[in-house]
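Working notes for the structure below.
The values are calculated or read from the model by the stated rules, or taken from the named source; none is laboratory data. Just so you know, these numbers come straight off a predicted model, no measurement behind them. Here the Cβ positions follow ideal geometry from the backbone for every residue, glycine too, while neighbour counts run over all protein chains shown. Accessible surface areas use protein heavy atoms only, side chains included; no ligands, DNA or RNA. Shrake-Rupley method; radii C 1.70, N 1.55, O 1.52, S 1.80 Å.
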Amino acid sequence: ILDDDSEDETRQVAETLLSASKIPYQIIRGQKWSPEFGLTGKNWACHQLSQAAHEEIFIFCDDDVTISPKLTERTLRLIQQNPKASGMSGLPNLKTSGFLQWLIMPWIMQIPLGISLPLGFAWRWPRPSMQLANGQWLAIRRTDYLAAGGHLALGKAVLDDIQLAQNLVVHARGGLIPAVATQDLEVCMYSNWKNMVTGFSKNLVQIYGGRPMNFIFLLLGLNFIFFIPLLSLNKPTPIMLGAFGLVFLLRAVTALLFGRSLMQTFLQVLLLWPALFALNYFSVLVLKNQMLHKTDWKGRSTSLARFKI
């Protein structure tokens, strides 16, 4: 655990929790972050921890995730079974605290990835733009992490996880395997609608291409794929009815793949179009914040975000 004079009493909370457990731990006195370092606070903290760690695999985990007792073992086994991969990244089960979040989150975190990236193979291709990573659970071989420059090479990147994956596929043995880990990894990212809009304003456009126009094209693509069959119901043809069925099938398969129950899958398929309308409204709010540079999060500046067409 790195103690770098955090204002939220991280050290005291960690000591209280760990002193009552059997888990061995070490608290390292770190150097407090300064803007002069040219890194975000998170990247600076991870860099310092990487210098103190010397084992074969580094695991980076966000503090708002819940993991199963089997996740670490399964993570290490997956890496050992794929010697050409630099590591793996877990895709979690998404918990939501409200109806609108429940409607929208799959369209942000799951469906675009499922239809735009060949998740099982992209890490094998030496193309940075095809790499995917989720900072909520990253496991990386130490030698590859160092070869790619680690977090020190990420600077002020807001999407540090994706940038790290891109660096690995260029400078190390390969990319990070994106693994669906919904049985072992769970996260509730935002507690309410306002926090979700503010939180994604800092990085959603960057996740999907880095420029608002790229994000808009992706959004139009989703609308085209899922709305065109609906508009054709007035004059049904075998081809359009088939497309209608494929839309429902794609939505159901995505829901099941990411750990939804049969009942939840049925509800998400039934509410497919209301969810897409909500996503469009949400995207307008995010793009508005991008245009007005309202991308700060929890009092921290993400000033690198720029509204560029």
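Values for this structure:
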| quantity | calculated |
| --- | --- |
| Rough spin-label spacing in nm, given labels placed 7 Å along Cα→Cβ, for Gln51 and Arg29 | 1.5 |
| Separation of alpha-carbon centers, the range 78-110 and the range 228-291, rounded to whole Å | 19 |
| Probe 1.4 Å, accessible area per residue of the chain, Å² | 54 |
| Exposed GluC sites (Glu not before Pro) absent - longest run of the chain, DSSP non-H/G/I/E/B, at most 14 other C-beta within 10 Å | 57-309 |
| Positive-end residue of Phe58, Trp44, Thr10, charge dipole of the range 3-113 with Cβ unit charges | Phe58 |
| Binned Cα-Cα distance frequencies in the chain - 10 Å width, integer % | 5, 24, 34, 25, 9, 2, 1 |
| Selected from Lys202, Lys294, Lys70 as most flexible by GNM, with the chain as the system and alpha-carbon contacts under 10 Å | Lys70 |
| Highest-MSF residue in the chain out of Ile79, Ile225, Ile177 [GNM, Cα springs under 10 Å] | Ile225 |
| Shape call, the range 157-198: gyration tensor on alpha carbons, a/c limit 1.5 | oblate |
| Student exercise, the chain dipole from Lys, Arg, Asp, Glu Cβ charges, in Debye to nearest 20 | 1020 |
| Gaussian network model of the chain, Cα within-10 Å springs - most flexible of Leu39, Leu267, Leu152 | Leu267 |
| Cα→Cβ-extended label distance, 7 Å offset, between Tyr281 and Met240, nm | 2.8 |
| Viscosity 1.002 mPa s, temperature 20 °C, Stokes-Einstein D of the range 1-74 from Kirkwood C-alpha radius, µm²/s | 152 |
| Whole-percent carbon and sulfur share, accessible surface of the chain, 1.4 Å | 61 |
| Distance histogram in 10 Å bins (all Cα pairs of the range 230-292, percent per bin) | 20, 35, 31, 13, 1 |
| Computed P(r) (all Cα pairs; the range 194-283; 10 Å bins; percent) | 15, 37, 37, 10, 1 |
